[in-house]
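J.: To start, I am sharing the structure in question, which I have written as structure tokens.
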Amino acid sequence: MTLTFTPSPEIQKILDTLPTNPGVYLMKDERGEVIYVGKAINLRNRVRSYFHAPHAQGAKVWRLVERVRDIEFIVTDSELEALVLESNLIKKHKPHFNVRLKDDKRYPYIKVTWQEPFPKVYITRRMDNDGARYFGPFTAVWAVHETLDTLRKIFPYLTCDREITGRDTRACLYYDIGLCLAPCIGAVSRDEYRAMIDRLCKFLQGKTDEVSASLRAKLDEAVEKLEFERAARYRDQLQALARVTEHQKIVSPQLIDQDVIAFARDDGAACVQVFFVRSGKLLGREYFVLEGTEDENNEHILSSFVKQFYDEAAYVPPEILLPADIDEANIIEQWLNQQRGQKVILRVPRRGQGQELLTLAEENARTTLAMLKAQWLADETKQMSAVAELQQVLGLPNPPLRIECYDISNLQGTNAVGALVVFERGAAKKSDYRKFKIQTVQGADDYASLQEVLRRRLRRWVNALTDGSAQPLPGGAPSKDESWKRLPDLLIVDGGKGQVNAASEVLREFSIENVPLIGLAKAEEEIFIAGRAEPLRLPPSSEALKLLQRIRDEAHRFGVTYHRQRRRKVGLASQLDAIPGIGPRRRRALLARFGSLDKIRAASIEELLTVPGMTRAAAQKLKEQL
């Protein structure tokens, strides 16, 4: 029996009027969400092909066309322009049916502010067209920190915010311990400092031999001029550089730059391993997890990764080794040529050193995927066990797969803020965290502040549902943020019965009756449930209680962090004035004794008691607040 599929009249009308130009198409579901983005040389032929016997094209295509309720398209002048636009739209919408890099957040990079007279080096998660030099991406921020800690011992770059004039009277501690060249006091000139930063950049590019030769020449020059202190500095840098590079393996006798890409698949999951070969040496490796790979062929997964990875990569090498030929190889090469500004070759080695590198990368990808799957399974099993227990102890009709928790932070009513954190399937979903600056409440009124935050969140929900078709509610303008559209399966407030009652009023205002509401009071770890007179107490060993505590503590941490950011903008005196027991006289005495807020914060209770007029109670309150 032949299965047939008949598009809806609305979809058929779109299919009949599609142009034959190159371009990008966006398929949307009944909620207007983009669920697939694709590109085509001929939009009409490509889009219509999905609806011609979709059953024969695999389960993924069938599931896709069943959900499509609208199709938009954008005509482009060329296939290359369509490829660039497709990548940008996938990055923007993260469609469910596209192959995509797993993480919501951007990957970390090392940024060198080369556009500044005295460049600095630090970690960033975005690349701007600002004249800086970028290196990455990396998958683990801890590894980037370790790299920078090592680099700073070889290339002691600036980390302070001083204005560098060369005329400061004394340098900071970092100069004394060899972690800064101290251009602030004129210990090195601007040109010498920039030359050192340039060597750092070349090291990150893998040009270690060139860096070593440069340092050796500087060392010889310093010795000839009898500048032994300067020579000792170059000697120490050469020795540190040798220790870092001694484990770098030479893998290509041609001494060229290559990226080696291989991947592994298992049960719907895919992991890509990238080896970075620079000047013939294996400089490093990173792995990337892909989503949306179910029912996709290897060639499409590989081409999707190449497009997304090199759209964000800080450096495109002249040669990229792949395990197999990929879709649209010619057009991707054209695009990579533009990215690099020079010719780039996609090559599939069949033998020799290149094939050996691909085999090694594939083995690493398989090992990494197995490790990650074991970790995911252990984490999800434990998390979902806690979610199931939480459903049982709270008597919920459904498992609370999405939980929202709210916390209010202020200091004696000043700089009040609200925090929203989201946990899905027992794990934090940081992309859905939100911060609120309290706008309508004066003084320390946690109940009113909580109600303001909840109202603003629920107005966003209402306006997101209207999708711009109705007049937005005040204080909740329409947003492209999709997270507002979902109500939680469980709503938690940090506090007791008063906070729960305050939140209940807001839910009634919005006629929301099917969202369970609880409060977790920190003093006794009691759970206050809306509609129940007595609080619920769970044993300390309860996984459900531990999950609630973890969520509540995360909301508190997130809120306090934002609150502290706001407080930093307030003057030191006003911060001290806001602390109970610290009046003008004690404030003046504290400043006279310690000189700065940081030193007051670092002082012990006993040191604070040496301040004239300070009592132990006031000192303890001061420590708590700071």
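J.: Given 0.36 nm per residue, what is the gain on full extension from residue 41 to residue 526 after removing their alpha carbon distance, in nm? Spell out each step's value before the answer.
T.: Numbers: separation 485, 0.36 × 485 = 174.60 nm, distance 6.18 nm.
This chain segment gains 168.4 nm when fully extended.
J.: Still on this structure, please answer the following. Taking a quarter of the surface of the Cα convex hull of the chain, what do you get in nm²?
T.: Details: hull surface 148.6 nm².
One quarter of the hull surface, i.e. the mean projection, equals 37.1 nm².
J.: Near residue 85, within a Cβ-to-Cβ distance under 15 Å, what is the net charge of the other residues, with Lys and Arg +1 and Asp and Glu -1? Show your work: numbers first, answer last.
T.: Values: positive: 39, 46, 91, 92, 307; negative: 72, 77, 79, 81, 86, 311, 328.
Result for the neighbourhood of residue 85: -2.
J.: Also, I was wondering about something else. Using a 7 Å offset from the Cα along the Cα-to-Cβ direction at both residue 334 and residue 311, what is the distance between the two label points in nm, to one decimal?
T.: 1.8
J.: Net charge near residue 293, counting Lys/Arg +1 and Asp/Glu -1 over other residues with Cβ under 13 Å of its Cβ? Could the numbers behind the result be given before it?
T.: Values: positive: 60, 100, 102, 265; negative: 266, 267, 291, 294, 295, 296, 299.
Here the charged neighbours net out to -3.
J.: Please compute the Kirkwood hydrodynamic radius over region 109-250, one decimal place, Å, based on all pairs of different Cα atoms. Write out the running numbers ahead of the final one.
T.: Numbers: mean 1/r = 0.0628 Å⁻¹.
It works out to 15.9 Å.
J.: Something else about it: For region 284-302, list residues with backbone N below 13 Å from a point placed 7 Å from the Cα of residue 327 toward its Cβ?
T.: Counting backbone N atoms under 13 Å from the label point, the list is 293-302.
J.: Just grab the label-to-label distance for residue 536 and residue 145, each label 7 Å out from Cα along the Cβ direction, in nm (one decimal).
T.: 3.7
J.: In Å³ and rounded to a whole number, note down the convex hull volume per residue for the Cα atoms of region 295-390. It would help to have the intermediate numbers written out before the result.
T.: On the way: hull volume 13.1 nm³, N = 96.
Convex hull of Cα atoms, per residue: 137 Å³.
J.: With labels modelled as points extended 7 Å from the Cα through the Cβ direction, what inter-label distance (nm, one decimal) is found for residue 63 paired with residue 165?
T.: 6.5
J.: How large is ³J(HN,Hα) for each residue in region 597-606, as worked out from phi by the Karplus curve 6.51 cos²θ - 1.76 cosθ + 1.60 (θ = phi - 60°), to whole Hz, x for Gly and Pro?
T.: Rounded to whole hertz, the list is 5, 4, 6, 5, 4, 7, 6, 7, 4, 5.
J.: For region 9-98, how big is the tail of P(r) above 23 Å, as a whole percent of Cα pairs?
T.: Details: 665 of 4005 pairs.
Value for region 9-98 (Cα pairs over 23 Å): 17 percent.
J.: For residue 315, enumerate residues with amide H under 5 Å from its amide H, sequence gap 5+ or separate chain, H modeled in the peptide plane.
T.: Here 136 satisfy the definition.
J.: Let me ask something else about it. Kindly state, to the nearest 0.05, the FRET efficiency for residue 375 paired with residue 549, given R0 = 22 Å and r defined as their beta-carbon distance. Kindly include the intermediate steps, with their values, before the conclusion.
T.: On the way: r = 23 Å, r/R0 = 1.03.
Once rounded, the FRET efficiency stands at 0.45.
J.: What is the dipole size for region 1-116, taken about its Cα centre, with +1 at each Lys and Arg Cβ and -1 at each Asp and Glu Cβ, in debye to the nearest 20?
T.: Values: 19 positive and 15 negative charges, 79 e Å.
Dipole of region 1-116, to the nearest 20 debye: 380 debye.
J.: Taking amide H atoms as placed 1.01 Å from N in the peptide plane, list the residues 5 or more away in sequence, or in a different chain, whose amide H sits under 5 Å from that of residue 348.
T.: Long-range HN contacts for residue 348: 322.
J.: Among all the aspartates and glutamates, which ones have a C-alpha under 17 Å from residue 382's C-alpha, if same-chain residues fewer than 8 places away are not counted?
T.: Reachable aspartates and glutamates: 424, 543.
J.: Another question about this same structure. When the Cα centres of region 370-408 and region 130-148 are compared, how far apart do they sit, in Å?
T.: Distance between centres, Cα-based: 33 Å.
J.: Now, a different point. Compute and list, largest first, the equivalent-ellipsoid semi-axes of region 402-567 from the alpha carbon gyration tensor, each √(5λ) rounded to a whole angstrom. Working shown, then result.
T.: Values: eigenvalues 116, 71, 51 Å².
Those come to 24, 19, 16 Å.
J.: Set the bar at 25 Å for Cα to Cα. Now go through 94/546; 91/430; 120/435; 120/207; 120/202; 373/522 and name every pair that lies beyond it.
T.: Details: 94/546 32 Å; 91/430 18 Å; 120/435 30 Å; 120/207 20 Å; 120/202 15 Å; 373/522 35 Å.
Violating the 25 Å Cα-Cα cut-off are 94/546; 120/435; 373/522.
J.: I've got another one for you. Under a Cβ-Cβ cut-off of 11 Å, what is the net charge of the residues other than residue 399 that fall near it, where Lys and Arg count +1 and Asp and Glu count -1? Please list the in-between numbers first.
T.: Numbers: positive: 402, 425; negative: 389, 489.
That sum, taken over residues with Cβ under 11 Å, equals 0.
J.: I would also like to ask the following. Run the numbers on the chain and let me know its relative contact order in percent, using alpha-carbon pairs under 8 Å that are six or more apart.
T.: Taking the mean separation of contacting Cα pairs over the length of the chain, I get 8 percent.
J.: So if R0 is 41 Å, what FRET efficiency would residue 398 and residue 588 give, r being the distance between their Cβ atoms, rounded to the nearest 0.05? Walk me through the intermediate numbers first.
T.: Working: r = 59 Å, r/R0 = 1.44.
So the FRET efficiency works out to roughly 0.10.
J.: Report the full-extension gain for the segment residue 106 to residue 126: residue separation times 0.36 nm, less the Cα-Cα distance, to one decimal in nm. Don't jump to the answer; show the numbers that get you there.
T.: Details: separation 20, 0.36 × 20 = 7.20 nm, distance 0.68 nm.
The span from residue 106 to residue 126 would gain 6.5 nm if fully extended.
J.: Is there a quick way to get the dipole size of region 258-370? I mean about its Cα centre, with the Cβ of Lys and Arg at +1 and of Asp and Glu at -1; what is the value in debye to the nearest 20?
T.: Numbers: 11 positive and 19 negative charges, 158 e Å.
Magnitude of the dipole: close to 760 debye.
J.: Find the all-direction average of the projected area of the Cα convex hull for region 198-338, expressing the result in square nanometres with one decimal place. Kindly include the intermediate steps, with their values, before the conclusion.
T.: On the way: hull surface 42.4 nm².
Average projection, Cα convex hull of region 198-338: 10.6 nm².
J.: Before rounding to the nearest 500, sum -39500 (n - 2.57) across all DSSP H runs of length at least 4 in the chain and divide by the residue total; then give [θ] at 222 nm in deg cm²/dmol. Numbers along the way, then the final one.
T.: Details: 20 runs with 275 residues, N = 626.
Theoretical 222 nm ellipticity from helices: -14000 deg cm²/dmol.
J.: Let me ask something else. Calculate the dipole size of region 402-567 relative to its Cα centre from +1 charges on Lys and Arg beta carbons and -1 charges on Asp and Glu beta carbons; express the result in debye to the nearest 20.
T.: Details: 27 positive and 22 negative charges, 122 e Å.
Dipole magnitude for region 402-567 comes out near 580 debye.
J.: Give me the percent relative contact order of region 324-413, please, defined on Cα pairs under 8 angstrom at least 6 residues apart. Before the final figure, lay out each step's value.
T.: On the way: 21 pairs, mean separation 11.1, N = 90.
That works out to 12 percent.
Read the figures in this text as sums done on the coordinates, not as results from a lab. Model, not experiment: these values are computed from the prediction. Heads up, the Cβs are rebuilt from the backbone with ideal geometry, glycines too, and the neighbour counts pull from every protein chain shown.
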